[in-house]
């Protein structure tokens with residue numbers, strides 16, 4: 001078989017292949033098990049064949065294995081594959097859609113992540129989940145304590161200080177049963193704090209060891225969390241034509257609703273990685289809150305913009321600027337120069 005391009009729909013145990021020749025004629029439709037997948041490719045598919053897969057769970061693993069074997073692998077975002085699915089959705093149609101989408105000249109592809117990038121991403125995903133669990137635990141404690149007339153200030157630190165006082169107070173009418181429950185909830189909160197601190201320390205250690213992360217941290221508003229999250233998401237950033245493309249990918253640019261030559265810009269698109277965008281926005285807020293006491297170029301730009309724009313607009317504008325500067329620091333391998 002002279003196969004020019006193969007689209008592969010991957011799953012946990014079933015792999016559907018759809019191959020076409022140089023005339024775009026279908027020459028291969030085959031279903032393989034997980035064990036059969038790699039041996040079949042190595043024995044029956046030439047290395048001149050382009051292999052396309054949807055960017056999903058496990059796709060980066062298989063892409064690395066096939067790339068190591070000498071194949072050209074392209075990963076396509078799932079939302080770009082969907083328009084090419086014909087009629088009903090099934091594995092065969094999905095594989096055909098992936099094969100068709102990969103042939104489009106203007107198609108955007110996902111860079112294959114390295115193992116190091118996925119290690120960093122795993123740390124961030126676990127940290128994000130721990131933050132979510134801690135927030136849920138704090139809300140649960142507050143809600144239960146409110147039913148007994150106990151209210152703590154908003155900050156988590158204030159709640160931590162209040163719980164021992166509630167447990168020691170013999171006049172707050174807490175039952176022995178609920179005192180035991182409250183102690184268990186406090187222990188669970190402390191455990192989540194310890195786990196969160198452990199993973200944040202691991203991230204900070206990686207940020208100190210990575211040259212790219214060190215360069216990124218010279219940018220105001222970018223700390224160990226944001227620097228490592230950027231590296232995990234975009235690597236060296238060379239898949240983007242310039243910094244504006246990165247900012248648009250992060251959802252930090254306006255959505256368009258233009259027609260008939262008339263440009264209509266709406267709010268930011270909020271596309272891309274919401275976790276990374278959140279880190280950049282929080283970093284921008286930190287820079288803005290300290291801008292009045294500084295005279296560097298970005299601080300002066302922020303102060304001037306704040307005179308005529310809403311605080312939130314200034315925050316997004318600075319996050320956008322930081323994303324573009326971060327792209328330059330990664331691609332040019334330079335330190336940030338405040339001047």
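The values are calculated or read from the model by the stated rules, or taken from the named source; none is laboratory data. Predicted model, so just to flag it, every value in this text is computed and none were measured. Glycine gets a Cβ as well: all are built from the backbone with ideal geometry, and neighbour counts include every protein chain shown.
A few notes on this one:
- Search result, residues across the range 294-323 that are under 20 Å from the mean Cα position of the chain (by Cα) and surrounded by fewer than 17 Cβ atoms within 10 Å (Cβ to Cβ): none
- Residues (surrounded by 12 or more Cβ atoms within 10 Å (Cβ to Cβ) and farther than 30 Å from residue 130 by Cα) located in the range 263-293: 291
- Helices (runs of 4 or more DSSP H) lying entirely in the range 270-339 (those with 3 or more residues that are in contact (Cβ under 8 Å) with a residue 12 or more places away in the chain and within 20 Å of residue 120 (Cβ to Cβ)): 274-289, 311-332
- Being within 22 Å of residue 124 (Cα to Cα), in a helix (DSSP H, G or I), in contact with a helix residue (DSSP H, G or I) (Cβ under 7 Å, 6 or more places away or on another chain) and modelled with pLDDT of 90 or more is a property that holds for residue 196.
- Test result for residue 260, on the phi > 0 side of the Ramachandran plot, at pLDDT below 90 and surrounded by fewer than 15 Cβ atoms within 10 Å (Cβ to Cβ): yes
- Taking the criterion of being in a loop (DSSP other than H, G, I, E, B), within 14 Å of residue 51 (Cα to Cα) and touching a helix residue (DSSP H, G or I) at 6+ places or on another chain (Cβ under 7 Å), the only residue of the range 70-112 that qualifies is 112.
- Taking each residue of the range 11-33 that is within 16 Å of residue 58 (Cβ to Cβ) and looking for partners that are loosely packed, with under 15 Cβ neighbours inside 10 Å with beta-carbon atoms closer than 6 Å, six or more apart or interchain, yields 13/34; 16/31.
- Residues that are farther than 22 Å from residue 204 by Cβ and either in contact with a helix residue (DSSP H, G or I) (Cβ under 9 Å, 6 or more places away or on another chain) or in contact (Cβ under 8 Å) with a residue 24 or more places away in the chain (or both) occur at least once in the range 253-264.
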